[in-house]
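The values are calculated or read from the model by the stated rules, or taken from the named source; none is laboratory data. Since we're looking at a predicted model, the values are computed, not measured. All Cβ positions, glycine included, derive from the backbone under ideal geometry; neighbour counts span all protein chains shown. Calculation scope for accessible area: heavy atoms of the full protein, side chains included, ligands and nucleic acids excluded. Shrake-Rupley method; radii C 1.70, N 1.55, O 1.52, S 1.80 Å.
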Amino acid sequence: MFGTSIEDRLSETMATHKAGRVTEGSEGCHGTAPHRRHYFRRRPAAISMASHCSLLLAALVVISCPLLAVVKAMPHSSHHSSVSLPGAESSSSSSSGSSSSNSGSTKSLGVYMIRSPESTTAPAGDEVLFECELNLIPERLEWRFRPQDAAGSRDDYVYLNRNGHNVTTIEGNSKLHVYVNSKTIGEYQCVAWFGASVIASIPARLTLASISLESSISSNYGSLRSSSSLSDTPHNARTDRVPSVMRRVMSPIQQQHLKISPGNSIIIKCGEVVSNPPAIWSYYKDEMAIPTNVPQLPTGGLILSQITPQDSGTYRCSAINSITGNELKMPQKTTILVESTPRSPPKAIYKPQNVSVTPGATALLECPGVALPIPRASWFRRDGQSLTDRSQVLPYGLQITDVTSDDQGEYVCRLENGIEPSLIHTVKLTVLEAPKIIEPPRSTLTNESESLELECIAKGSPTPDIYWMINGDYTKWDRLIKSNGSKLFIKAVEKKHAGIVQCFAKNEVGEVSESNLLQVNPKQIPGGVETAPLGSVPTGPKGNEHNGKRPKGGKKHKHLVMIPPSRPNITRLSDESVMVRWSVPSSDGLPIRFFKVQYRMIGDPSRNIARTQWMTENDDISPFTRSYEVNGLKSDHFYRFRIVAVYSNNDNKEGAASGKFHLQRGSQLGPKNHLLAPTLTRTESVSQHAIVLHWQFPQHLPQPIDGFYVYYRPATTAGEYSKATVDTPTARHFKIDHLEPGTSYEFKLQSFTAAAASDFSSIWTGKTLKPPTVTPVNPSVNSASEVNDGTGEVPNYVYMGVGGFVLILGGIVLLCCCCVACRKKRGPGADETDAKSHIQVEQNGFPGAVSNGGPRSHHHKSRNGISARMNITPNPLAQDGDKIPLC
């Protein structure tokens, strides 16, 4: 994977400046959001009231004539009364949405987290950001921290107030900046108070990026190994500390020799490492980097299928931590001699490991064994079910693509070559699934001192662990509460239990929570006044119950909030460009008008590189787009990226920043990228605005991909391509929406992994469907003789038209009289005063302003009942402090 060893470098130093919001004209920005202003139309000088009345009367008379002519053609319909308001539709649909951490009954509760802190891994000396936000602004919000090695008792939690900690809260969004070191790794959680009721977020875990050898390194190469077996290798590497200078960990070399007949298939194992995040592996043969087109296991293993004498040599590998850049050179070396061996039954090289994958991934179940004659493998399931058509028997194992939960179970491999005994391996496949709460705790009303039992049922793989909180406190802290996982039992309910009960379910894939009300009827004192049940939460929209003001910015969107974009994923495209991919976790928030991509370079004092401010790409990215190509970067530099969404109320919110991304030079990646490019086969026009692309791509690849990039543009232009991302590596078709009708488009594809992207496919052209042709209708002309049916009677519509005209004319006369009366009351100087009040507007379009950069008048008097003060945000990504009062 890596052609050469990574050079020593210093890790990133502590970030000393708070991440800034996008502001127009900010230092270091490549571009800013478009400048937007409100323009005011000039009002003409006052004219006489008589002229007003005359002009109005003439206009109405002129307009009434054609109206009378078409009275007969206009049907009397009330269809307009049944039109639905878009706001009502979105409001109803939003109630069914759910967030990743709190859904279902949580939203029926009325208060829930719309942004919880996310677990992250970072190197020592870095700075990380945790964010927390609820749909309602709480009365109080605090952060608490539990050190990594703490047992989890109440005393182990430290509440981080603003004094001495970098906590900022703006409009209900709380941000905690943490400097990463051995004392700050652990668990972070935000806790929000609504009176006595408390709700807590899902805990976020901060861990140090590290890599080290396991405490015990062993091998199972058995009788084929001519040298002695590996002994346990002690080490004193720590996983809670990462030095600032990259190091290579060198352990005593362990040599192994294997003699194998040609035609056999083997997997060379590298050994086990402890790496956070998972290590990236590099392989070498005779100290030469092995190209990435040689099949490799992502967990560490080099696949040599049907070996030949040319495969003879000494193999080794190294593991690299993608965040710190630390390279761990594995101590194990394997020398393979490929030549004919005596006839023998199949022999195991090592014992295969059980496999765990997520749904949709590709699983490889290994079946190691070599012999002469070459053994053949047969596979079957222990439970008797037949293998699916997604299974393929390979020389070195069984490959299952697009794994589903039905594939979970034990698989048996039998190796036979005609010489007894045969060799049998059993491998267990586990399909990992994130926890999901299928039955949350119910809402309850319990009398004080009575018992209460609650249940929370969750599913997932592995089976999730369930724990409980009441008002932000772990139930294990309360001696009156017992829990066996899914069930919670309170022996005697007290007033302190009234509030919010939360059920959390977690496994190694993820964690979710559900909440509900726990209300308590307090004991009544004889002769006293009855009291309402204890335990409630507000149900109003965010912020309204606190200040009585509607949120800033544009239109009013009831019950809708700004859902921020996700943390972006980054893929290297070239030495100077990357592809940024993101998603929007929920669709029940405010509509998004467009996205902006921001990035900044991370400093490196060892190379005299300073950290830059956040820089913003010029393009306004369509709300339907979820990927963007950033160009003009510098190779061998570190960057962070984030996505900012601008909403329909002209406000904005940035998503979480990406992890530290190293844009490596092509020379650092070793041999040229060997990712296969997809093959476009056809385009299918499905509507005026959509085309479906179909392509071919091998299902079984030694190096799995993460997905595909789709590029498209109108065929008549030579402009930039628009981009779309297909995150499913097994997809072979994709629909592109929001195209222009009857327009030809060019399309091309790339496959990609986290490290690189393939070459482009050949370009295909497709055309959207044309809009349907409307047949012109020739208007019919009725003669006077046709209108009169010969009866001598005047049609009803004539009477209706005349009556309507009389009513309009009467209204005009009444309006003129009112205007004259108003003019007399105002007095003769009113017109002059009215004209003077608008002279200032004529200079530059803003009332109360002086041209040529002069000062503005900041009076706040009310004019006709409307406040004259307006706050205009020229840049929708500006901070509140940047909003300019115009009058």
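For region 419-439, a residue qualifies if it is open to solvent by 40 Å² or more (accessible area, probe 1.4 Å) and closer than 28 Å to residue 475 by Cα, and the qualifying residues are 433, 434, 436, 438, 439. Taking the listed residues 693, 633, the one that is modelled with pLDDT of 85 or more, hydrophobic (A, V, I, L, M, F, W, C) and under 28 Å from residue 391 (Cα atoms) is 693, with no other qualifying. Apart from one condition, residue 170 fits all of (1) under 30 Å from residue 495 (Cα atoms); (2) surrounded by fewer than 21 Cβ atoms within 10 Å (Cβ to Cβ); the exception is (1).
Number of residues in region 728-775 that are buried (at least 18 other Cβ atoms within 10 Å of the Cβ) and either within 30 Å of residue 281 (Cα to Cα) or among the hydroxyl-bearing types (Ser, Thr, Tyr) (or both): the value is 13.
For region 690-710, a residue qualifies if it is over 26 Å from the mean Cα position of the chain (by Cα) and part of a loop (DSSP other than H, G, I, E, B), and the qualifying residues are 697, 698, 699, 700, 701, 702.
Residue-level check: of (1) in a loop (DSSP other than H, G, I, E, B); (2) touching a residue at least 40 places away in the same chain (Cβ under 8 Å); (3) of a type in the set (Gly, Ala, Ser), residue 319 misses just (1).
For region 477-484, the condition of being in contact with a Gly (Cβ under 8 Å, 6 or more places away or on another chain), in contact (Cβ under 8 Å) with a residue 40 or more places away in the chain and either crowded, with 21+ Cβ neighbours inside 10 Å or within 19 Å of residue 200 (Cα to Cα) (or both) holds for none of the residues.
Might you check whether a residue that is assigned by the TED database to the domain that holds residue 263 and in contact with an Asp or Glu (Cβ under 9 Å, 6 or more places away or on another chain) occurs anywhere in region 287-296? Looking through region 287-296, none of the residues is assigned by the TED database to the domain that holds residue 263 and in contact with an Asp or Glu (Cβ under 9 Å, 6 or more places away or on another chain). Close contacts from region 411-430, counting a first residue that is in a loop (DSSP other than H, G, I, E, B) and a second that is acidic (Asp, Glu), with Cβ to Cβ under 7 Å and a gap of 6+ residues or different chains, come to 422/416.
Residue 457 passes every criterion in (1) of a type outside the set (Lys, Arg); (2) open to solvent by 50 Å² or more (accessible area, probe 1.4 Å); (3) within 28 Å of the chain's Cα centre (by Cα); (4) over 24 Å from residue 112 (Cβ atoms) apart from (4). The set of residues in region 583-620 that are more than 15 Å from residue 564 (Cα to Cα) and among the hydrophobic types (A, V, I, L, M, F, W, C) comprises 601, 602, 609, 610, 614, 615. Based on this model, can you work out whether residue 325 counts as buried (at least 18 other Cβ atoms within 10 Å of the Cβ) and either in a loop (DSSP other than H, G, I, E, B) or outside the structural domain of residue 120 (by the TED database) (or both)? The answer is yes for residue 325. Pairing residues of region 265-283 that are closer than 25 Å to residue 508 by Cβ with residues that are among the charged types (D, E, K, R), at Cβ distances under 9 Å and at least 6 apart in sequence or on separate chains, gives 267/366; 270/316; 271/214; 272/214; 273/214; 274/214. Considered as a group, the residues in region 722-744 that are of a type in the set (A, V, I, L, M) and not in a strand (DSSP E or B) include one that is farthest from the chain's Cα centre (by Cα), and that residue is 739. Report yes if some residue within region 175-189 is modelled with pLDDT under 90 and either surrounded by fewer than 22 Cβ atoms within 10 Å (Cβ to Cβ) or in contact with a strand residue (DSSP E or B) (Cβ under 8 Å, 6 or more places away or on another chain) (or both); otherwise report no. No, region 175-189 contains no residue that is modelled with pLDDT under 90 and either surrounded by fewer than 22 Cβ atoms within 10 Å (Cβ to Cβ) or in contact with a strand residue (DSSP E or B) (Cβ under 8 Å, 6 or more places away or on another chain) (or both).
Each residue in region 268-305 was checked for being outside any loop (DSSP other than H, G, I, E, B), of a type in the set (Gly, Ala, Ser) and surrounded by 19 or more Cβ atoms within 10 Å (Cβ to Cβ), and 3 pass. Checked against the criteria, residue 286 does not count as modelled with pLDDT under 85, of a type in the set (Asp, Glu) and more than 25 Å from residue 676 (Cβ to Cβ).
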